[in-house]
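Note sheet for the following structure.
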Amino acid sequence: MTIQIVPLGAGQDVGRSCILVTIGGKNIMLDCGMHMGFNDERRFPDFSYISKTGDFTEMLDCVIISHFHLDHCGALPFFTEMCGYDGNIYMTHPTKAICPILLEDYRKISVERKGDRNFFTSQNIKDCMKKVVAVNLHQTIMVDDDLEICAYYAGHVLGAAMFYIRVGEESLVYTGDYNMTPDRHLGSAWIDKVRPDVLITESTYATTIRDSKRSRERDFLKKVHDCVTEGGNVIIPVFALGRAQELCILIETYWERMDLKVPIYFSAGLTEKANHFYRLFINWTNEKIKSTFVHRNMFDFKHIKAWDRSYIDSPGPMVVFATPGMLHSGTSLELFKKWAPDSKNMVIMPGYCVAGTVGSKVLAGEKKIQIDAFTSVEVNLQVKNLSFSAHADAKGIMQLIRQCEAKNVVLVHGEKSSMGFLKSRIMSEFGIPCFDPANGTTISIETSHVIPIEMSAGLLKKHLIRQSEIQNGVNEGLTSSSSPGDSSDDSLEHPKRIPPSVVKPKDRVLIQGMLVMDGSKTIRLEDAEEALDRIGMAKHNVRFEVRKGYNATALRLAVEDDEYYKNLVKASVGEAMDTDTGESPTTELYQDWDGDAFALDLVYVALQKAIGGHVKLTRDNGAIVVRTVRIRAPTDADELERGGLLVGWDYQDEDLATRILSIVTLTLRDNP
Amino acid sequence: TSLLPDGEPNCLVLKLRQMLILLDCGLGQEQLYAMPVREGAMAEELKEGLLSAHSPSATADTGHKRKHAHTETTDIRQDWAMFLKASTSQFPQKKKARGLDTNKEFPTAVAISDTASSQSTRASATREYMFKLPDFSGVDLKSIDVALVSNYNHILALPYLTEFTEFQGRIFATEPTIEFGRQLMTEFATFFGTSVSSAPHEVIDRKKLIAQSGSGLYPAYTHADIKACIDKIQPVRFREHIALYGSLKLTAHSAGYCLGGSNWLIQIGTESIAYISSSSTQINLHPDLFDGTLLEHASTVIAADLRPKTSLTYDTGVNEVCATIARTVARKGHVLIPCAISGFLFDLLEDVHLHLSRMGLEQQVQYSFVSPVADTALQYSNILAEWMAPRKQEMVYLPEAPLLHGILLEKGTAKNYKSVHGAFSSDLKFPCIAFGGHPSLRSGPMVNLLHMWGKKDINSIIFIEPRIDVQASLEPFEGLEISRSICPLDIRLSVDQLVEVMKKHRHPKHVLVPVHVTASTSSDGAAELADSKGTTSTSSIRWSAYKAGVPIQLGIGSLYETVLLSEELAKGIFPQSFGSKSFAPVAGSLSIYNNQMQLEPASVAGRQILALHSQRQLRGVMNLQTLLAGLAMIGVVDPVVTKPGIDGDDDDDNNDDNDNDEEGSSLEIPEIRVEFKLDGLPACIIVHEGETVVKCDDSIRQLLRESVLKCLQSL
């Protein structure tokens, strides 16, 4: 079986995450994001890859959205309302709540500020959200009879989730964006040991191993504090939800502790609403906030007030959280334009900026930035980049791979150069294949396919009992067999001498049975005989009675030379001499010597040595009996006349008999 | 005195293969709740002597009567648990279920009232409330693997189990169940616990006391116990698959009864059992809807905590409650509603508020929630949108508080208080609707309020909890003028609703219901039930009633283990078909890891061993013509065929048949001999009805084997 993965977006890139996966015959779209760096059709994934005819509902079994960032959900209304996808969409409750707000925000900027046409409408967003099924963490959703999905906490933003997807025995984990270190308002990502065949993980910070969070926080607060003390304005471009709340909590507590009076503003009317969401979804934050919310809700800020455009001209200092986070439009861009020329001011970029945005140019240290065709800005203010984005760093990614015990890793959502480094590290450290497909390229991953069947408990028990009997038998057999050079070639399965202290519960049982398939879904493993009896076919037994000739003279001579055997059969050796049973008995001297009995003894010893550890050998009146196999000396005249040993068995023991026959042949010909 | 009209046995032990599973907190709250028997004087400091207002002589009188009643309850309570046991010693799995009716709140209430009234007669007894635990004498607590809690009503005994016994199993409950359970325990400990704080040494004493008391009575646990206990519970979400010990799979499904209220699906191997605890299909409630999909997998359904037939429907009850409240408020009276702050109370509040708004009274009332945990309960319930009905979920997307009290609290129309002391009376401006306290009216703020407002008949007290005995609760307050209204609001499933629910899904083979729901209709419960339900649903369902202390064996049919067949091994399998079925012999090595079994190709050594043990199967009827044709093909010329009856010369020397007597074979058993020479060696094939014997030399056997087997189906 094969799992196929095609990134439509976020392959060796950050932005417009959209990954197509085919697993067990099901097609799944993971995330449906837009690209911040483009304003043309490249901002959305190329959906025509999925279906040229636009029959997306038919092609896809479900769409899964990992979290509410626009590079993960921005294209969703476009896909559902304008491309016509009408199937299942899954996301967590907070994502479902917050996603439409960001989409609406994004729509406004695109349509009203930039004059985009042919863009989705507010109604589109609402209609789109109606199709969404909200899921809870750890809740296993059966999309259809075979496809199941389950969300795990990702800790990237409120409601961010990793998704475990399973079809039959094949499974996949898509991480979305995640964070392995808890922060001020979210916990850390966590997943069960689900052993997925494929782990698709983000790799935004593939090469970074970040220093401790605490020192970064201290650094951040110190810079802000210094700047406002100097009388400068601080602008912190953020997205309305997510990182902003963490920074707000941070600054709020600092202001309270230091008793600062400098005003803090939060742009966009989103704030109040956003904080309300956080209050309602307290369950999705971390334990500390959860346990204290009854007394003091962390999201009721005292120092942070709503931004009003008129404040832009008021004399500083002040701290402003402004949206959006990449300075590509909106209040943050407006403020930036205004404050950029003054070196007293400061911009703190707390997150990642997609290439092409003003934010990324600022970070690149450009001193003169072209904002659009008509405006350019001198950049004199201090620029600080503090990585607060909640992505896992290289250490975190490795940790997650270890945690879920992935068998293959696919890297997405990162830059190509840094992916290469991480890729080689993963391959060397875990010894598992790792891929970093570019957009539009397909990778196929072979998975071992196991078939679930139902085994009759009776059958299992029978074999368990047999195994334990044999095990006991082995020990007895070994002690009774006198030959010191004895070596069992089956020592792999049955270690020879097991001190009682080392006896472990069995972890391997040899099983034989009959698979029964009757058209229904389940395949059953039953006892062969019972299964066949059930269909009512007559049983027929075939019994073989085979004469096994041997050269008694040769045997006799060989024995005479053999000291060892002499000791063993001292008594009989003294008197007896020869009987060539192959021919008629001629020599009177050896009249009493029973060649057949002697041969039987030899055979018995040989059998005991070779297979005595696994099956039970018994002697009955000189004959050797193993299950239905019976080796005996000739009895009646006719048999005596033809000579040789007689071996009889039922066909059911054919395999055993074949083995025994070969041992007999070897023994009587080559002995010793 | 019939003390058990409403027994609710939500403490069951299920033994399934080697697993011992405690259902519903195993030691569900009920026992605890049910069991509270207060021995000795009430903690006066809690009640501040308010109770003494009622005449001691009156209670002393009833005290004796109650005393008598008490003994009876205890007797019945001896066996509280229901047992489902599967004897694993025999492989064909058998299950016994022993069901013991736990006396729930009902007897509890009685018991409490008993001690309350006997207070004056036993002034010298210890000043502690004592509670009787479920009788665990039949269970080895140490061997319980898992405890499942379905909702906060069934959790109260848990701290006893985890803190004072050898119980070491894992405990699962949904997040809201844990939180509301914690609150309920806290409330319980506050109301009935040892006065003030318990110093560490005191705790030890208490443990000793418990150890000595045997099956006796236990004092309430402390806040420390609660914390320790809660920490041991593992939170789960609906439909989260929990795999334990490899083979056991547990899944919580929404019960629709309260936030986080769950039913459990228990799967071991290919068997599944659905445990339907308190559930509700009542529409327009705030909890997530009843999820019936667990019934689709279950072969056995254990239903517990069903609604007795007699009670009012929820809607009627709510109307009545609203009307009573409106009447009281209209005449400027206060309303007391003793209940826990959770569950359908949140819905009731909405209905009441709506009703009062319609009457134009909403500006003149104040809702008060009085409980040590009121604040937490109210706040917490509003952040649980994921656990609510879709209608309520939508509200958080607006975003708005999904439950009305969030808005009322914000507006100041509703307030919460830790107790009636302090701000409560000073805030009092309007007629007040007070929720909280313990429905038994034996402790907590309701007692104070009753004494404050109970003397005026313009005030009302409304009992809405279905599990209590109102008469018994009110007994100590007989003299009070307050107007009383009893309308138990019961949203649990009735038996008929249960049948309705099951009709929508695949039918289970076996349904177990508590005996009291059947007993209320007829004496021969199970049969009656089977009759009446058999006509409405497909009759293949077996109904039985369980009773306290009586184990029931559940015959669970097919016994199969799930095994994974590896791809390598599967590749080498070539099924042969016989009629509609296909067969393929398979041999391999079964690896057992974490109770997961996978069948893989055996090692070289393993294959040799397997060959020694392999048993080939032959089916079909031997046909002489086919056999002869087959022999001809390998070069047999002129076989001598001897058939009984035809041949006169019975071979006397040559027949060395092992099993068949010479005489017998020729006379009675139809026997065909085929004798011939191949490669100059003599051979003989003897065909009996079910057996063919081939005699030959080793060297020609292979050849003969082929032609013989061609006549038959070989596997």
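The values are calculated or read from the model by the stated rules, or taken from the named source; none is laboratory data. This structure is a prediction, so every number in the text was calculated from the model and none was measured. Every residue, glycine as well, gets a Cβ built from its backbone with ideal geometry; the counts of neighbours run over all protein chains shown. Surface accessibility is based on the protein's heavy atoms, side chains included, excluding ligands, DNA and RNA. Shrake-Rupley method; radii C 1.70, N 1.55, O 1.52, S 1.80 Å.
Quick look at the values:
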| quantity | calculated |
| --- | --- |
| Shielding by other protein chains, B:266-274, mean Cβ within 10 Å | 1 |
| Vicinal HN-Hα couplings computed from phi for the range A:631-643 (Karplus, 6.51 cos²θ - 1.76 cosθ + 1.60; Hz; Gly/Pro x) | 10, 9, 7, x, 10, 8, 4, 4, 5, 4, 5, 7, x |
| DSSP-assigned coil residues among trypsin sites (Lys or Arg not before Pro) in the range A:354-430, each with at most 11 further Cβ atoms within 10 Å | A:Lys367 |
| A:Thr628, A:Thr95, A:Thr253, ranked by accessible area, largest first (probe 1.4 Å) | A:Thr253, A:Thr628, A:Thr95 |
| Under-5 Å amide H pairs with B:Asn416, H placed in peptide plane, nonlocal only | B:Phe369 |
| Highest-first arrangement of B:341-348, B:489-496, where packing means the average Cβ count within 10 Å | B:341-348, B:489-496 |
| Shape of the range A:85-192, Cα gyration tensor, a/c cut at 1.5 | oblate |
| Listed residue pairs exceeding 18 Å between alpha carbons, taken from A:Lys96/A:Lys131; B:Lys332/B:Lys456; A:Lys462/B:Lys249; A:Lys130/B:Lys392 | A:Lys462/B:Lys249 |
| Whole-percent carbon and sulfur share, accessible surface of the range A:373-436, 1.4 Å | 52 |
| Cα-based helix-to-principal-axis angle, A:394-404 vs chain A, degrees rounded to 10 | 40 |
| Gyration tensor verdict on the range A:126-175 (Cα atoms; rounded if a/c is under 1.5, prolate if a/b is larger than b/c, oblate otherwise) | oblate |
| Accessible area that becomes buried as B packs against A, both chains, 1.4 Å probe, Å², nearest 100 | 9100 |
| Per-peptide average of other Cβ atoms within 10 Å, ordering B:283-295, A:42-54 highest first | B:283-295, A:42-54 |
| Average beta carbon contacts from partner chains per residue of B:684-697, 10 Å cutoff | 4 |
| Accessible area, probe 1.4 Å, largest first, for residues B:Arg442, A:Arg117 | A:Arg117, B:Arg442 |
| Percent of C-alpha pairs per 10 Å bin, the range B:359-514, short to long | 9, 27, 31, 21, 10, 2, 0 |
| Relative contact order of chain A, defined on C-alpha pairs under 8 angstrom at six or more residues apart (%) | 12 |
| Dipole in debye (nearest 20) - chain A, about Cα centre, beta carbon charges: Lys, Arg +1; Asp, Glu -1 | 4440 |
| Centre separation in Å (Cα based) which lies between the range A:290-347 and the range A:15-76 | 33 |
| For chain A, accessible area per residue (1.4 Å probe, heavy atoms of protein chains only), Å² | 41 |
| Label-point separation in nm, B:Tyr245 to A:Thr207, each point 7 Å along Cα→Cβ | 5.2 |
| Within 10 Å of each Cβ in B:570-579, the average number of Cβ atoms from other chains | 3 |
| Peptides ranked, highest mean first, by Cβ atoms within 10 Å: ranges B:463-474, A:183-194, B:577-588 | B:463-474, A:183-194, B:577-588 |
| Candidate residues A:Trp339, A:Trp307: accessible-area rank, largest first, probe 1.4 Å | A:Trp307, A:Trp339 |
| Over 23 Å between alpha carbons, listed pairs A:Lys213/A:Lys416; A:Lys338/A:Lys361; A:Lys108/A:Lys368 | A:Lys213/A:Lys416; A:Lys108/A:Lys368 |
